[in-house]
1. Run the dipole for the chain about the Cα centre, Lys and Arg Cβ at +1, Asp and Glu Cβ at -1, nothing else charged, and hand back the magnitude in debye, nearest 20.
2. At 0.36 nm per residue, and after removing the present C-alpha to C-alpha distance, how many nm does the segment from residue 163 to residue 131 gain when stretched out fully?
3. Rounded, prolate or oblate for the range 460-591? Axes are the square roots of the Cα gyration tensor eigenvalues, ordered a ≥ b ≥ c, and the cut-off for rounded is a/c under 1.5.
4. Which order do peptides 269-280, 639-650, 693-704 fall in by mean Cβ count within 10 Å, highest first?
5. As a test of understanding, state the convex hull volume per residue of the range 142-199 from its alpha carbons, in Å³.
6. I need the peptides 353-360, 736-743, 88-95 ranked by packing, meaning the mean over residues of other C-beta atoms within 10 angstrom, with the highest value on top.
7. What Kirkwood hydrodynamic radius, in Å, does the range 237-393 give when the mean of 1/r is taken over all pairs of distinct Cα atoms and then inverted?
8. Tell me the angle of helix 622-663 to the major Cα principal axis of the chain, expressed in degrees between 0 and 90 and rounded to the nearest ten.
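Values in this text are rule-based calculations from the coordinates and carry no lab data. Please read all numbers here as calculations on a predicted model, not as lab measurements. Here the Cβ is made from the backbone with ideal geometry for all residues, glycine too, and neighbour counts use every protein chain on show.
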Amino acid sequence: MSKELDMWMRSLRANGLTESRLAVVGVTILIFILYLITSATAPPSEGSQDGFLGRRIEGGEAGIMQATQAVESGHQIPVGEGEIPPLPFMLYVVGVFAVGGVVFAAWLAQWVLSKDEGDKKMQEVSNAIREGAAGFLSTQYTMIFKLATVVLIGIFVLYSLRTPPRNLPGVQSLPLAVCVALSFAVGAVLSAIAGYVGMWVAVRSNVRVASAATRSFHEAVTVGLRAGAFSGILVVAMVLLGIITLLFTVRVIVPARLHQLPFLLVGYGFGASFVALFAQLGGGIYTKAADVGADMVGKVEADIPEDDPRNPAVVADLVGDNVGDCAGRGADLFESIAGEILAAMILGGGLSRNLPPDVQNGYVLFPLAIHAMDLVVSGVGIMLTEVPKNAKISTIDPMEVLKSGYKISVAGAGVGIVILCRLLLYTSVHPWAWLHFAGCGLIGLGTAFCFILVTQYYTDFNYPPVKQIAQASVTGHGTNVIAGMAVGMRATAAPAMIIGLALLSSYKLGRAAFGGAANAGLFGTAVATMGMLSTVAFVLAMDVFGPITDNAGGVVEMSEQPEHVRDITDTLDAVGNTTKAITKGFSVGSASLACFLLFSAFLDEVAEIAGVPIDAVDLANPEVFLGGLAGATLVFYFSGQCMTAVGSAAQEVVNNVRLQFQQKPGIMDGSQKPDYTSCVSIVTQAALQEMISPGLIAATVPLLVGAFFRLISSTDDPLIGAKAIAGFLMFATVTGVLFAIFLNTAGGAWDNAKKYIEKGVHGGKGSQAHKAAVTGDTVGDPSKDTAGPSLHVLIKLLSTITLVCTPLFVADAHGH
């Protein structure tokens, strides 16, 4: 099957079918598939009209007037009592696409694993990496699940004691607690699986990319991207399957209508975030402690090349690429997608209650349909990404090769967003509302593309910022660090403006869709977020491409392959640094939009519990201001803990490597072998110990802040605890987004400045400029691979944990 599909794709290209024509063919197929999806909804009632691009609603003039008045006034149309209708057939269709995504991911894995593993030396290095990664993750996940079990019990107790929400009449506390706890458990388990399975394939792909590099640059790119695509496709498919399964499961526990079900799944995003935070923390500490230790002694003191087999820390460094960049990032994006889908479903469900019954399902299921489309367009883009034949390596920019496939996915996603908006969001009450929401989706799609361009500009050595850092390296270590920090600080401006424009324009456009209704504006931002994530599978594929090619370079170096092979893997590794930086910027951008949605959901949950809304969050209120100050402080303190953890573990690695060089002088001439396992053991223990403190602080500080202000000030204002948390979330989100962009961009720029010099600029490898660049890269390593990525998860975790634990922050009318 894998050979037949690959031969079919190659035959298309051999027959002269260009990328643009293939894109047209792919879009045409996509249109037909989307038509099948959306036509799979319940059949229209007698007297109504329903067809392709021609949907109508039923209910007559009275129903239309009622809906219009409800939307404009913000009141709900009463939901009639009686038998609850079955879940729409479209949910089954999306489930089929999700299963198809799993099958496609399995095909990609089988295709990659069918490639040869190179010679015996390559296999020995790869096997050592596999063993180290599997051992660390099994121990790490055991520890994470012990912590998650405690949180699970706490959630169950909290919801067992809380008053049932008003938007779920007739629901008792115990079934509600079971649903929220179950969704937390499922989110945690699937997030862990997404990270582990992605790592499992990655550690088996590195040697195959290395082997492919001995044959051709073309094959190495294809194998690396398809190996990364396995993780991208699998993560999206698993998110969809998890949500769909929970929708059917909680429906059995709590009979409810479709628009009410997302409220029962709020634990899903929290569970995914909780696991992702510790996975990213532990993996980030592991990979950068090993990397910094290996570079400080190996490159700077011993003056040996990167990934040299004489370096005792090199295997730990290669293991870290997988547990940090593959497993950690897979769990990170899983929770991003999960949280954003649920937030959009909740907002869509709230908005749909103001509309006639036959159009309500579309607003709730729209986020799921977008990601079903993502599986299709990203899959097409991945399969059509290929290096031009007969082109010389010196004339090929691998980043442009990857972007060519991404552009195909973006084109397909743009068409798909418009069609899905027309088919799922159309209502004759406001016949042009769907067009407004389509505009919101395209704004989100454009935002994602702009983020990629901006990140590439600041982290790719073909552009001025990285060249400026390389130039600063000529005059010493200090000027290199100054230049890198300056680039990172400047790099926050463009993303902040892009996020601001996307948020404001999508809100205004969505609000205009329903004549100025605020909840329509919020749904507009949700559609923009979905648009930004409509090609997330391809973006994650590019991200995982980075650590796989980095590992391939290590395998090539340690197995002593010819220089031209290392040149190929070095080129791919430099591109991989840029793709990793792109995904981090992409993750920050989507996180900022998602946090805005979750913040709105938090305010709605407070109003649901208290019975009165929070009209404003006033910074002139001391409790609110202090809550905001605590949120901003947490971002810096948390980042400092991450950096400290890397520094402490790196010191142990440095001491161990120095000791080995002293006790085994034959390491340098090859007469003695270094002890790789001792460094692996050091970073494993350090990462597992150091990840606990920052993770627990991140999970407990928001709860303590809200509960504290509720305890001391609720007699004057029963909502003061919730208002303080609102300030906490606003300050933490804004500070976290900007600081994460700074850390990610500066780290990526430092790394590629070093690689730019290693290409022969400013004296090349071993020069004083190169040693200064290594220092900058050492500073940037924990910034871009530990603190920065962990902040992505932190700001989303704060939003989800406060949403789930809202009852802790709201007092009754008597201040209790």
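1. Working: 48 positive and 61 negative charges, 151 e Å.
In total the dipole reaches around 720 debye.
2. On the way: separation 32, 0.36 × 32 = 11.52 nm, distance 4.93 nm.
Taking residue 163 through residue 131 to full extension adds about 6.6 nm, to one decimal.
3. Details: a/c = 4.64, a/b = 1.83, b/c = 2.54.
Verdict is oblate for the range 460-591.
4. Details: 269-280: 31.3, 639-650: 21.3, 693-704: 18.7.
Going by the mean number of other Cβ atoms within 10 Å, highest first, we get 269-280, 639-650, 693-704.
5. On the way: hull volume 4.1 nm³, N = 58.
Dividing the Cα hull volume of the range 142-199 by its residues yields 71 Å³.
6. Values: 353-360: 21.2, 736-743: 25.4, 88-95: 18.5.
Listed from highest to lowest mean packing, they are 736-743, 353-360, 88-95.
7. Numbers: mean 1/r = 0.0523 Å⁻¹.
Over the range 237-393, the inverse of the mean reciprocal pair distance is 19.1 Å.
8. So the helix axis and the longest Cα principal axis differ by about 20 degrees.
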